[in-house]
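First comes the structure, then the notes that go with it.
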Amino acid sequence: SEAGGLYVGMDRFDVRKQIEKDLEAAGLMEKVEAYENKVGFSERTNVPIEPKLSMQWFLKMEHLAQIALEPVMKDDIKFYPPKFKNTYRHWMENIKDWCISRQLWWGHRIPAYFLPEGGYVVAETAEKALEMAKEKTGNASLTMADLRQDEDVLDTWFSSWLWPISLFNGINDPDNQEINYYYPTSDLVTGPDIIFFWVARMIMAGYEYRGKICLLYTSPSPRDR
């Protein structure tokens with residue numbers, strides 16, 4: 001539009017090519033990187049549905065997959081019927097890094113805090129984040145007002161994998177009477193479609209955060225037996 005001041009009236013596809021030329025001419029182009037993507041088209045307007053590249057948070061999964069695979073392979077954790085053990089193994093042996101950030105306005109906030117002059121720290125609490133920020137920047141006068149917590153929230157499954165522990169306040173009070181009595185549980189009845197998305201991740205969380213399995217036996221729902 002006229003308010004933009006540049007490229008007024010040009011088609012967006014032409015503008016993209018021109019912007020690249022103008023950045024090159026001004027010496028402002030850092031790099032050009034091509035992305036391959038399967039482009040869909042709107043069924044109503046027949047125009048391309050264009051993706052927007054964005055920064056996301058990922059969790060490395062090799063360690064977590066390994067600690068969750070061994071107890072199932074050794075039958076410390078059993079699936080009924082046993083055929084789902086192979087489904088579980090396939091997921092664990094072909095694990096990918098997990099994109100855990102979601103652009104929503106509800107959920108558990110990503111515990112990452114951006115520093116005033118660039119960079120970030122990741123911490124369990126805001127207080128710990130401030131301590132880490134002071135140490136990282138060498139600025140002892142930093143306050144929480146100087147830090148900005150990431151607006152993204154954790155993936156729903158990331159929050160859900162802590163359910164058996166957080167249900168009994170095992171995160172904030174890890175040795176309380178309830179969690180010591182009820183955890184680990186002995187049985188879980190669920191569907192095979194979430195063996196990886198929930199069951200496997202609860203097992204991961206159990207071993208990583210409690211040193212124990214989060215359940216002993218898992219059984220698909222009756223319709224799946």
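The values are calculated or read from the model by the stated rules, or taken from the named source; none is laboratory data. Keep in mind it's a predicted model, so treat the numbers as computed, not measured. Virtual Cβ from ideal backbone geometry, glycine too; neighbours counted across all protein chains shown. The protein model used for the area step is the full one, side chains on, heavy atoms only, and it has no ligands, DNA or RNA in it. Shrake-Rupley method; radii C 1.70, N 1.55, O 1.52, S 1.80 Å.
Here are a few things to note about the model shown:
- Pairs with Cβ under 9 Å, 6+ apart, first in region 8-35 and open to solvent by 100 Å² or more (accessible area, probe 1.4 Å), second not in a helix (DSSP H, G or I): 24/32; 35/51; 35/53
- Under the condition of being over 22 Å from residue 134 (Cα atoms), open to solvent by 50 Å² or more (accessible area, probe 1.4 Å) and not in a loop (DSSP other than H, G, I, E, B), the residues counted in region 96-120 number 1.
- The number of residues in region 142-158 that are part of a helix (DSSP H, G or I), hydrophobic (A, V, I, L, M, F, W, C), open to solvent by less than 80 Å² (accessible area, probe 1.4 Å) and farther than 24 Å from residue 201 by Cα comes to 1.
- Unmet requirement for residue 46, which otherwise passes all of (1) at negative phi; (2) out of contact with any strand residue (DSSP E or B) (no Cβ under 8 Å at 6 or more places or on another chain): (1)
- Considering only residues in region 62-82 that are in contact with a Ser or Thr (Cβ under 9 Å, 6 or more places away or on another chain) and either part of a loop (DSSP other than H, G, I, E, B) or open to solvent by 40 Å² or more (accessible area, probe 1.4 Å) (or both), the one that is nearest to residue 111 (Cα to Cα) turns out to be 77.
- Scanning region 172-182 for residues that are over 25 Å from the mean Cα position of the chain (by Cα) and surrounded by 12 or more Cβ atoms within 10 Å (Cβ to Cβ), we see that the one that is nearest to residue 87 (Cα to Cα) is 182.
- Those residues of region 39-61 which are loosely packed, with under 10 Cβ neighbours inside 10 Å and within 27 Å of residue 121 (Cα to Cα), in sequence order: 52, 53, 54, 55
- Residue tally, condition more than 18 Å from residue 62 (Cα to Cα) and among the β-branched types (Val, Ile, Thr), over region 76-93: 1
- Matching entry among 131, 124, 135 (being under 21 Å from residue 58 (Cβ atoms) and either open to solvent by 60 Å² or more (accessible area, probe 1.4 Å) or part of a loop (DSSP other than H, G, I, E, B) (or both)): 124
- Flag not set for residue 145, criterion: under 22 Å from residue 109 (Cβ atoms) and under 24 Å from the mean Cα position of the chain (by Cα).
- Failed item in (1) of a type outside the set (A, V, I, L, M, F, W, C); (2) at pLDDT 90 or above; (3) more than 30 Å from residue 114 (Cβ to Cβ); (4) assigned to a loop (DSSP other than H, G, I, E, B), with residue 38 passing the rest: (2)
- When region 186-197 is filtered for residues that are open to solvent by 50 Å² or more (accessible area, probe 1.4 Å) and not aliphatic (A, V, I, L, M), the ones remaining, listed by number, are 186, 187, 193, 197.
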